[in-house]
Amino acid sequence: CQCIHARSIFPCQDTPAARIRYSALLNVPRELSAVMSARHVDRRSPVSGEGHSHLLPGGFNSLWCSETRVVEEFQMNQPIPPYLFAFAVGELGFREVGPRTRVYSEAVNSVLDAAAKEFAGTEEMIRQGEKLFGDYDWERFDLLVLPPSFPYGGMENPRMVFLTPTVIKGDASGAQVVAHELAHSWTGNLITNVNNEHFWLNEGFTTYAERRIVEAVQGEDRAILNTGIGWKGLNEEMERFKDNLEFTKLKNNQEGVDPDAVYSEVPYEKGFQFLWRIERQIGRPAFDEFIKKYIATFKFKSIDTHTFLKFLKANVPGIEKEIDLVLWTEGTGIPPDAYEPVSNLYTKIVSLANEFKLGRMPREDEVADWRGQEWELYLENLPKVIEASQVVLVFS
């Protein structure tokens, strides 16, 4: 339903400014099952007259109560923005991968086993997230691997994250997408942008939180690779919006604009850079305390950029004298105090990509231990157009 598609399912104030609780009865074929971004209450036979059948066309009640049907009952007790309403129905199976995590997919053993292996480290990610950002307030963190037609990397629906099957890579590197959706459990789901003009409050914070979780679980090098991929993407978005600079701002004007039409990496990566800049200014220990206080203060609320900046200035006195907060939030382009990441591995990969432009391919021993992020960073830094002679196809 993100960002404004909940209205296509049920009548609602389809804005994250209006948080909702809900209960749901899903009537499905008995051979199938349903999952939802809510607490599962019961799976049972239908009851005559439920589901507001008196408001529906004649014969509906007999269909509802057919022996071929079953009712799945759900409850969402925490107030959520409408775009986090989600459900799926199918011939589903699952694997337990932790005390509060199941991985669901179509009931195909090979897919379920691969997903369970890929996401085996999820509980450790949750624990690290709790150390950094406070208690996990959604009870469960289940994962649903959808069919290949699902057109997104992941969607952070509470209690039931939706994922593309392309994150199952066989080396656990796909878990970084899970780290992003997990981070939303605090930044986005718990504290939400009041509307899409302040989308960076969801995605900039979550990108920062994701990289902190990845750093804690997989090490600093891996987090820096992600930051480097993001830095490259941010610069490319500046080129994309060079004729419409409004959408290079963190806080931008979307009046009369479909949010999907201007979706980009800007709120993710420029938002991340802004928070990283504040961390560098006040130091990580102080910034960690600030984020915990921010989450505790505004959880289950929807806020705007002004509210965040007011809270920042109240809790970090004098920060506006050290960092140009207006330039960062309302200015176009990339501020001069943004920062390209630095590490030995990052520098080596970018150098190898630059050497490709001079005709040198990396040796096999130089790339033998590369995983998904290394290859992604390398490919992102290659020229967008190359000669056919520079491409070698290998079939095995």
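The values are calculated or read from the model by the stated rules, or taken from the named source; none is laboratory data. Values in this document were obtained by computation on a predicted structure and should not be read as measured data. Cβ placement follows ideal geometry from the backbone for every residue including glycine, while neighbour counts extend to all protein chains displayed. In case anyone asks, the SASA skips ligands and DNA or RNA and just uses the protein heavy atoms, side chains included. Shrake-Rupley method; radii C 1.70, N 1.55, O 1.52, S 1.80 Å.
Looking for something surrounded by fewer than 24 Cβ atoms within 10 Å (Cβ to Cβ), closer than 22 Å to Tyr294 by Cβ and over 18 Å from the mean Cα position of the chain (by Cα) - is there at least one such residue anywhere in region 202-215? No. Is it the case, given these coordinates, that Gln75 is within 22 Å of Pro158 (Cβ to Cβ), modelled with pLDDT of 95 or more and not hydroxyl-bearing (Ser, Thr, Tyr)? Considered against the rule, which asks whether it is within 22 Å of Pro158 (Cβ to Cβ), modelled with pLDDT of 95 or more and not hydroxyl-bearing (Ser, Thr, Tyr), Gln75 comes out as yes. Within region 100-145, the set of residues being part of a strand (DSSP E or B) and among the hydrophobic types (A, V, I, L, M, F, W, C) comprises Val103, Leu143, Leu144, Val145. Do we find that Ser343 is in contact (Cβ under 8 Å) with a residue 40 or more places away in the chain and in contact with a strand residue (DSSP E or B) (Cβ under 9 Å, 6 or more places away or on another chain) in this structure? For Ser343, the condition - in contact (Cβ under 8 Å) with a residue 40 or more places away in the chain and in contact with a strand residue (DSSP E or B) (Cβ under 9 Å, 6 or more places away or on another chain) - is not met. At pLDDT 95 or above, open to solvent by 10 Å² or more (accessible area, probe 1.4 Å) and either assigned to a loop (DSSP other than H, G, I, E, B) or touching a Lys or Arg at 6+ places or on another chain (Cβ under 8 Å) (or both) - does that describe any residue in region 165-185? No, every residue in region 165-185 fails to be at pLDDT 95 or above, open to solvent by 10 Å² or more (accessible area, probe 1.4 Å) and either assigned to a loop (DSSP other than H, G, I, E, B) or touching a Lys or Arg at 6+ places or on another chain (Cβ under 8 Å) (or both). The residues of region 259-275 that are in a helix (DSSP H, G or I) and surrounded by 14 or more Cβ atoms within 10 Å (Cβ to Cβ), listed by number, are Pro259, Val262, Val266, Pro267, Tyr268, Glu269, Lys270, Gly271, Phe272, Gln273, Phe274, Leu275. Restricted to region 1-99, the set of strands (runs of 3 or more DSSP E) holding at least 1 residues that are among the charged types (D, E, K, R) comprises 20-29, 39-44, 69-80, 92-98. For region 100-144, the set of residues classified as open to solvent by 60 Å² or more (accessible area, probe 1.4 Å), more than 26 Å from Tyr208 (Cα to Cα) and in contact with a helix residue (DSSP H, G or I) (Cβ under 9 Å, 6 or more places away or on another chain) consists of Glu106 only.
This table checks each residue for (1) open to solvent by 40 Å² or more (accessible area, probe 1.4 Å); (2) within 21 Å of Thr192 (Cβ to Cβ); (3) without any contact (Cβ under 8 Å) to a residue 40 or more places away in the chain.
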| position | (1), (2), (3) |
| --- | --- |
| Val257 | yes, yes, yes |
| Arg277 | no, no, no |
| Arg280 | yes, no, no |
| Glu289 | yes, no, yes |
| Lys293 | yes, yes, yes |
| Ser302 | no, yes, no |
| Leu312 | no, yes, yes |
| Pro317 | yes, no, yes |
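The set of residues from region 346-359 being open to solvent by 40 Å² or more (accessible area, probe 1.4 Å), more than 29 Å from Leu250 (Cβ to Cβ) and assigned to a helix (DSSP H, G or I) comprises Lys348, Ser351, Asn354, Glu355. Being in a loop (DSSP other than H, G, I, E, B) and touching a helix residue (DSSP H, G or I) at 6+ places or on another chain (Cβ under 9 Å) is the filter here, so list the residues in region 246-258 that pass it. Lys249, Leu250, Lys251, Asn252, Asn253, Gln254, Glu255, Val257 - these are the residues of region 246-258 that are in a loop (DSSP other than H, G, I, E, B) and touching a helix residue (DSSP H, G or I) at 6+ places or on another chain (Cβ under 9 Å).
Within region 232-245, identify whether any single residue is free of Cβ contacts under 8 Å to residues at least 40 places away in the same chain, part of a helix (DSSP H, G or I) and either touching a strand residue (DSSP E or B) at 6+ places or on another chain (Cβ under 7 Å) or crowded, with 22+ Cβ neighbours inside 10 Å (or both), and answer yes or no.
Of region 232-245, the ones free of Cβ contacts under 8 Å to residues at least 40 places away in the same chain are 236-237, 239-244.
Those left that are additionally part of a helix (DSSP H, G or I): 236-237, 239-240.
Imposing the further condition that a residue be either touching a strand residue (DSSP E or B) at 6+ places or on another chain (Cβ under 7 Å) or crowded, with 22+ Cβ neighbours inside 10 Å (or both) reduces the set to none.
No, region 232-245 contains no residue that is free of Cβ contacts under 8 Å to residues at least 40 places away in the same chain, part of a helix (DSSP H, G or I) and either touching a strand residue (DSSP E or B) at 6+ places or on another chain (Cβ under 7 Å) or crowded, with 22+ Cβ neighbours inside 10 Å (or both).
Based on this model, can you work out whether Arg140 counts as closer than 20 Å to Ala88 by Cα, more than 15 Å from the chain's Cα centre (by Cα), in the same structural domain as Gly93 (by the TED database) and at pLDDT 95 or above? So Arg140 passes the test.
When Phe85 is tested against the conditions (1) out of contact with any Lys or Arg (no Cβ under 9 Å at 6 or more places or on another chain); (2) at pLDDT below 95, the lone failure is (2). Taken over region 319-345, residues that are open to solvent by less than 90 Å² (accessible area, probe 1.4 Å) and either among the basic types (Lys, Arg) or under 23 Å from Ile224 (Cβ atoms) (or both) amount to 10.
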